[in-house]
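Before any comments, here is the structure.
The values are calculated or read from the model by the stated rules, or taken from the named source; none is laboratory data. Treat the numbers as computed from the prediction; the structure is a model and nothing was measured. Cβ coordinates were reconstructed from backbone atoms using ideal geometry, including for glycine residues, and neighbour counts include every protein chain displayed. The protein model used for the area step is the full one, side chains on, heavy atoms only, and it has no ligands, DNA or RNA in it. Shrake-Rupley method; radii C 1.70, N 1.55, O 1.52, S 1.80 Å.
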Amino acid sequence: MKAEELLPILGAHPFLDGLPAAHLARLAERAFARSFPEGAFLLREGGEADTLYLLAQGRVTLEIHRPGRDPVQVESLAGGDILGLHWLFPPRRWVLDARAATPVRSIGLDAAHVRACSDADPALGYAVSLRLLRQLYARLERVRLQRLDVYRAEP
């Protein structure tokens, strides 16, 4: 898919909702569509963190690898969510695995391009940063609620 074809998909994703058209066009310059069959890994622990995935459809499980044991599922993501935040800071390596629990359609944003665009255009960088913070806050809130359930005192 060409950048022009990806623009409406990018603009419709909740993560980029309300982003000015010029900013969307910049991000689309190196965006790409990517599909994953059920069971495929979108990213692997230790791999280079080079993509911000905007999940369009499907469900992804986030797993922590445990040597000699089954992985632990720590979270599940779905269409409308984003995947991959470790591209923001060195050493830019994934710290968990992400596996397609169902067939997944996504748009990948080249992380180096997002960083370069953000550095070159502070307004774009600010808009992306706010959206990333919103996602992080929502995930922390989900973890908080999960922990409340796990440690809830029995009556």
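Quick look at the numbers
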| read-out | value |
| --- | --- |
| Mean Cβ count within 10 Å, highest first, over the residues of peptides 2-10, 108-116 | 108-116, 2-10 |
| Value of relative contact order over the chain, rounded to a whole percent, pairs C-alpha under 8 Å and six or more apart | 27 |
| Helix-only [θ]222 nm of the chain, DSSP H runs n ≥ 4, -39500 (n - 2.57) each, per residue, nearest 500 | -12000 deg cm²/dmol |
| Rounded percent of accessible protein surface that carbon and sulfur make up, segment 2-155, 1.4 Å probe | 57 |
| HN-Hα J in Hz across segment 30-36 - Karplus 6.51, -1.76, 1.60, θ = phi - 60°, x for Gly and Pro | 10, 7, 8, 7, 8, 10, 10 |
| Using alpha carbons only: equivalent-ellipsoid semi-axes of segment 18-98, gyration tensor based, whole Å | 26, 15, 10 |
| Equivalent ellipsoid semi-axes - Cα gyration tensor, segment 1-62, angstrom | 23, 13, 11 |
| Sorted peptide list for 24-34, 66-76, criterion being average Cβ within 10 angstrom, highest first | 24-34, 66-76 |
| Calculated Cα extents along the principal axes in Å (choose from [x] 48, 37, 25; [y] 48, 34, 32; [z] 54, 33, 29), label | [z] |
| Accessible area in square angstrom per residue, the chain, 1.4 angstrom probe | 58 |
